[in-house]
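Asker: Below is the structure I would like to discuss, written out as structure tokens.
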Amino acid sequence: MKRNRLIVEFEYDFKLFGLISTASEHRLAWEINSALGIKLVRQEDIELKFIDNKNLIISNFIFGKEPSIFRLLKNKSLGISNTSNLYLLPEIKQFDYLILIQGFEQSFDIREVVDKLNNVGIIQYTVSIELEKLKSKENLIF
């Protein structure tokens with residue numbers, strides 16, 4: 001029997017940043033709000049279920065409304081899962097948090113955002129991440 005495959009290509013129309021910080025997500029969101037003059041608000045956690053019975057629960061803070069969203073995500077899964085140390089983007093597990101910026105091109109200068117975030121005392125490092133190099137970038141489609 002002949003099989004057909006459906007290949008779906010997603011459009012990744014956002015900027016991604018990796019943050020290294022040992023602070024709690026609430027404190028980090030508060031510091032980012034102060035540094036950038038925005039209001040990140042805690043939303044319901046994102047739960048991703050995979051075919052191999054792995055589940056990810058990711059904390060989620062959002063500023064803005066569709067189509068312009070500034071999102072703070074924890075890279076490591078919260079709570080208990082079937083396996084330990086599950087990451088939203090496992091190839092960049094050195095980053096504790098991720099920031100997705102979508103649709104704010106006129107409002108935010110990317111270099112200025114990185115500079116302001118690097119000046120926040122509880123953030124050790126911030127860097128822009130190239131999406132093309134990530135194997136698990138589909139995990140960012142919510």
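All of the numbers you see were taken from the coordinates with simple rules; none came from a lab. Given the structure is predicted, the values throughout are model-derived calculations rather than measurements. Don't worry about glycine lacking a Cβ; one is built from the backbone with ideal geometry, like all the others, and counts go over all protein chains shown.
Asker: Please compute the length gained on full extension between Ile110 and Ile122, using 0.36 nm multiplied by the number of residues separating them and subtracting their Cα-Cα distance.
Answerer: Going from the current span to full extension adds 2.3 nm.
Asker: Rank the residues Ile32, Ile20 as a footprinting-exposure proxy: fewest other Cβ atoms within 10 Å of their Cβ go first.
Answerer: Fewest-to-most ranking of Ile32, Ile20: Ile20, Ile32.
Asker: Kindly flag which residue pairs out of Lys2/Lys137; Lys65/Lys133; Lys39/Lys133; Lys93/Lys116; Lys15/Lys93 have an alpha-carbon separation exceeding 26 Å in this structure.
Answerer: Listed pairs above 26 Å: Lys2/Lys137; Lys65/Lys133; Lys39/Lys133.
Asker: If you don't mind, there's one more thing I want to ask. Could you work out the Rg to Rh ratio of the chain, with Rh taken as the Kirkwood radius (inverse of the mean 1/r over all Cα pairs)?
Answerer: That ratio equals 0.99.
Asker: Right, next: Can you tell which of Ser24, Ser68, Ser128 shows the greatest fluctuation in a Gaussian network model of the chain with Cα springs below 10 Å?
Answerer: Highest fluctuation among the options: Ser24.
Asker: For the chain, modelled as a GNM with alpha-carbon contacts under 10 angstrom, which of Phe14, Phe95, Phe70 fluctuates the most?
Answerer: Phe14
Asker: If I fit a long axis through the Cα atoms of helix 25-36 and take the longest principal axis of the Cα atoms of the chain, what angle between them do I get, 0 to 90°, rounded to 10?
Answerer: The angle comes out near 50 degrees.
Asker: Something else: Suppose every Lys and Arg Cβ carries +1 and every Asp and Glu Cβ carries -1, with no other charges. What dipole size does segment 15-142 come out with about its Cα centre, to the nearest 20 debye?
Answerer: That gives segment 15-142 a dipole magnitude of about 180 debye.
Asker: How would Arg111, Arg42, Arg5, Arg71 line up from fewest to most surrounding beta-carbon atoms within 10 angstrom?
Answerer: Arg5, Arg111, Arg42, Arg71
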